[in-house]
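Contents: one structure, followed by commentary.
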Amino acid sequence: MNTMKTPSARSQRGASLFVALVMMIAITLIGIAGANLSTSEERMARNARDSNIALQAAEAALRDAETDIVSTRALSGATLFSTTCDQTGGKGLCIPATSGTQRWEAYLEDASRSLSYGEQTGVPGFRPSTESGGVTGQPRYLVEAIPDAVGTSLRAGGGRYIYRITALGYGALSGTRVMLQEFFRP
(Lines give C-alpha, C1' and ligand atoms only; values in the text may rest on other atoms or scores of the structure.)
Protein backbone atom coordinates (compact mmCIF):
# COMPACT_ATOMS: atom_id res chain seq x y z
CA MET A 1 0.00 0.00 0.00
CA ASN A 2 0.95 3.54 -0.61
CA THR A 3 1.97 5.30 2.60
CA MET A 4 2.36 8.78 1.07
CA LYS A 5 -0.40 11.17 1.81
CA THR A 6 -1.65 13.40 -0.93
CA PRO A 7 -2.90 16.80 0.04
CA SER A 8 -6.57 17.12 -0.18
CA ALA A 9 -8.19 19.65 -2.47
CA ARG A 10 -9.48 21.43 0.58
CA SER A 11 -5.94 22.19 1.92
CA GLN A 12 -4.79 23.64 -1.44
CA ARG A 13 -7.70 25.96 -1.89
CA GLY A 14 -6.40 29.53 -2.69
CA ALA A 15 -2.76 28.54 -3.34
CA SER A 16 -2.99 29.20 -7.07
CA LEU A 17 -4.58 32.60 -6.38
CA PHE A 18 -1.68 33.48 -4.06
CA VAL A 19 0.95 32.38 -6.63
CA ALA A 20 -0.82 34.36 -9.38
CA LEU A 21 -0.93 37.51 -7.22
CA VAL A 22 2.78 37.21 -6.34
CA MET A 23 3.62 36.82 -10.05
CA MET A 24 1.48 39.86 -10.96
CA ILE A 25 3.23 41.96 -8.32
CA ALA A 26 6.66 40.86 -9.57
CA ILE A 27 5.77 41.67 -13.20
CA THR A 28 4.37 45.06 -12.16
CA LEU A 29 7.54 45.91 -10.21
CA ILE A 30 9.73 44.91 -13.17
CA GLY A 31 7.60 47.10 -15.46
CA ILE A 32 7.84 50.10 -13.13
CA ALA A 33 11.63 49.67 -12.82
CA GLY A 34 11.94 49.52 -16.62
CA ALA A 35 9.87 52.68 -17.04
CA ASN A 36 11.99 54.54 -14.45
CA LEU A 37 15.20 53.41 -16.13
CA SER A 38 13.94 54.54 -19.52
CA THR A 39 12.93 57.95 -18.13
CA SER A 40 16.33 58.40 -16.45
CA GLU A 41 18.19 57.51 -19.63
CA GLU A 42 16.08 59.93 -21.65
CA ARG A 43 16.77 62.71 -19.13
CA MET A 44 20.54 61.99 -19.25
CA ALA A 45 20.49 62.07 -23.05
CA ARG A 46 18.62 65.40 -23.03
CA ASN A 47 21.12 66.91 -20.57
CA ALA A 48 24.09 65.65 -22.62
CA ARG A 49 22.57 67.15 -25.78
CA ASP A 50 21.96 70.45 -23.99
CA SER A 51 25.54 70.57 -22.69
CA ASN A 52 26.75 69.89 -26.23
CA ILE A 53 24.66 72.80 -27.56
CA ALA A 54 26.19 75.10 -24.90
CA LEU A 55 29.70 73.84 -25.74
CA GLN A 56 29.18 74.53 -29.44
CA ALA A 57 27.85 78.02 -28.64
CA ALA A 58 30.93 78.77 -26.49
CA GLU A 59 33.23 77.46 -29.26
CA ALA A 60 31.46 79.71 -31.76
CA ALA A 61 31.98 82.69 -29.43
CA LEU A 62 35.73 81.91 -29.28
CA ARG A 63 35.91 81.89 -33.10
CA ASP A 64 33.87 85.12 -33.24
CA ALA A 65 36.32 86.76 -30.79
CA GLU A 66 39.28 85.67 -32.93
CA THR A 67 37.64 87.26 -35.99
CA ASP A 68 37.01 90.41 -33.94
CA ILE A 69 40.69 90.55 -32.88
CA VAL A 70 42.18 89.85 -36.31
CA SER A 71 39.73 91.42 -38.76
CA THR A 72 36.88 93.47 -37.31
CA ARG A 73 38.79 95.68 -34.88
CA ALA A 74 42.25 94.51 -36.03
CA LEU A 75 43.65 94.79 -32.51
CA SER A 76 47.31 95.51 -32.03
CA GLY A 77 48.54 96.05 -28.52
CA ALA A 78 46.26 97.07 -25.69
CA THR A 79 45.09 100.50 -26.84
CA LEU A 80 41.33 100.06 -26.37
CA PHE A 81 41.61 97.87 -23.28
CA SER A 82 40.48 99.06 -19.82
CA THR A 83 40.03 97.66 -16.33
CA THR A 84 36.25 98.11 -16.60
CA CYS A 85 35.96 96.52 -20.09
CA ASP A 86 33.67 99.28 -21.31
CA GLN A 87 35.89 101.98 -22.80
CA THR A 88 34.43 103.70 -25.89
CA GLY A 89 35.22 101.45 -28.85
CA GLY A 90 36.66 98.87 -26.47
CA LYS A 91 33.59 97.10 -25.14
CA GLY A 92 34.58 93.59 -24.07
CA LEU A 93 38.30 94.43 -24.06
CA CYS A 94 39.87 94.15 -20.61
CA ILE A 95 43.15 94.60 -18.84
CA PRO A 96 43.53 91.48 -16.65
CA ALA A 97 43.17 91.77 -12.90
CA THR A 98 46.42 91.26 -11.01
CA SER A 99 44.64 89.99 -7.89
CA GLY A 100 41.17 89.27 -6.56
CA THR A 101 38.21 88.68 -8.83
CA GLN A 102 39.16 88.19 -12.46
CA ARG A 103 37.53 90.39 -15.12
CA TRP A 104 35.83 87.45 -16.78
CA GLU A 105 34.32 86.40 -13.44
CA ALA A 106 32.93 89.87 -12.86
CA TYR A 107 31.90 91.01 -16.34
CA LEU A 108 31.32 88.03 -18.65
CA GLU A 109 27.54 88.05 -18.20
CA ASP A 110 27.28 91.86 -18.08
CA ALA A 111 25.84 92.95 -21.45
CA SER A 112 27.34 96.45 -21.08
CA ARG A 113 30.89 95.09 -20.59
CA SER A 114 31.04 91.89 -22.67
CA LEU A 115 30.19 91.13 -26.27
CA SER A 116 27.52 88.78 -27.55
CA TYR A 117 28.13 86.48 -30.47
CA GLY A 118 28.13 88.49 -33.71
CA GLU A 119 27.87 91.89 -32.02
CA GLN A 120 31.15 93.12 -33.57
CA THR A 121 31.44 90.78 -36.55
CA GLY A 122 27.83 90.95 -37.77
CA VAL A 123 27.45 87.16 -37.80
CA PRO A 124 23.79 86.14 -37.25
CA GLY A 125 23.09 84.87 -33.74
CA PHE A 126 21.90 81.50 -32.54
CA ARG A 127 18.24 80.43 -32.66
CA PRO A 128 16.22 80.99 -29.47
CA SER A 129 15.48 78.02 -27.20
CA THR A 130 11.89 77.87 -28.47
CA GLU A 131 13.30 76.34 -31.69
CA SER A 132 15.02 72.97 -32.00
CA GLY A 133 18.70 73.23 -31.03
CA GLY A 134 18.24 76.83 -29.89
CA VAL A 135 19.84 78.53 -26.88
CA THR A 136 18.45 80.45 -23.90
CA GLY A 137 20.92 83.29 -24.48
CA GLN A 138 23.45 84.36 -27.08
CA PRO A 139 27.00 83.31 -26.24
CA ARG A 140 29.19 86.06 -24.76
CA TYR A 141 32.91 86.74 -24.62
CA LEU A 142 35.61 88.99 -23.16
CA VAL A 143 39.14 89.56 -24.43
CA GLU A 144 42.04 90.32 -22.07
CA ALA A 145 45.39 91.67 -23.33
CA ILE A 146 48.40 90.01 -21.71
CA PRO A 147 51.97 91.18 -22.47
CA ASP A 148 53.81 88.57 -24.52
CA ALA A 149 57.53 88.53 -23.84
CA VAL A 150 58.13 85.38 -25.90
CA GLY A 151 60.27 86.04 -28.97
CA THR A 152 60.11 89.84 -28.80
CA SER A 153 61.27 92.64 -26.54
CA LEU A 154 58.59 94.83 -25.06
CA ARG A 155 58.89 98.47 -25.97
CA ALA A 156 57.66 101.33 -23.82
CA GLY A 157 54.07 102.13 -24.75
CA GLY A 158 53.79 99.17 -27.10
CA GLY A 159 54.90 95.61 -27.48
CA ARG A 160 53.34 92.33 -28.39
CA TYR A 161 50.33 90.90 -26.67
CA ILE A 162 48.55 87.61 -26.53
CA TYR A 163 44.85 87.65 -25.87
CA ARG A 164 43.00 85.53 -23.36
CA ILE A 165 39.49 84.98 -24.66
CA THR A 166 36.82 83.80 -22.24
CA ALA A 167 33.55 82.64 -23.79
CA LEU A 168 30.29 81.53 -22.22
CA GLY A 169 27.75 79.43 -24.12
CA TYR A 170 24.18 78.74 -23.05
CA GLY A 171 22.13 75.62 -23.68
CA ALA A 172 18.48 75.16 -24.57
CA LEU A 173 17.56 74.57 -20.93
CA SER A 174 17.89 77.41 -18.46
CA GLY A 175 20.88 76.88 -16.21
CA THR A 176 23.01 75.01 -18.74
CA ARG A 177 26.22 76.93 -19.30
CA VAL A 178 29.66 76.08 -20.63
CA MET A 179 32.63 78.41 -20.21
CA LEU A 180 35.79 78.10 -22.31
CA GLN A 181 39.06 80.02 -22.30
CA GLU A 182 41.86 80.12 -24.79
CA PHE A 183 45.02 82.10 -25.34
CA PHE A 184 45.16 83.55 -28.84
CA ARG A 185 48.28 84.91 -30.47
CA PRO A 186 47.38 86.74 -33.71
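The values are calculated or read from the model by the stated rules, or taken from the named source; none is laboratory data. All values reported here derive from a predicted model rather than from experimental measurement. Glycine also receives a Cβ, built like all others from the backbone with ideal geometry; neighbour counts cover every protein chain displayed. SASA here: full protein model, heavy atoms, side chains in, ligands and nucleic acids out. Shrake-Rupley method; radii C 1.70, N 1.55, O 1.52, S 1.80 Å.
Here are the numbers:
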| item | result |
| --- | --- |
| Residues of the chain: accessible area per residue with a 1.4 Å probe, Å² | 62 Å² |
| Packing-based order for 142-149, 165-172, using average beta carbon neighbours within 10 Å, highest first | 165-172, 142-149 |
| 222 nm mean residue ellipticity, helices alone, for the chain (DSSP H n ≥ 4; -39,500 (n - 2.57); rounded to 500) | -11000 deg cm²/dmol |
| Nearest-ten-degree value, helix 15-67 long axis tilted from longest Cα axis of the chain | 10 degrees |
| Point-to-point label distance, A106-Q87, nm (Cα→Cβ direction, 7 Å offset) | 1.6 nm |
| Added length on full extension, which subtracts the Cα-Cα distance from 0.36 nm per residue, T98 to T79 | 5.0 nm |
| Alpha-carbon Rg with Dmax, taken over the stretch 5-122, Å | 32.1, 104 |
| Stretch gain in nm, segment I32-N52, where the contour uses 0.36 nm per residue and the Cα spacing is subtracted | 4.2 nm |
| Amide H contacts under 5 Å for G118, placed H, 5+ residues apart | V123 |
| D (Stokes-Einstein, µm²/s), Kirkwood Cα radius, the stretch 32-93, 1.567 mPa s at 4 °C | 87 µm²/s |
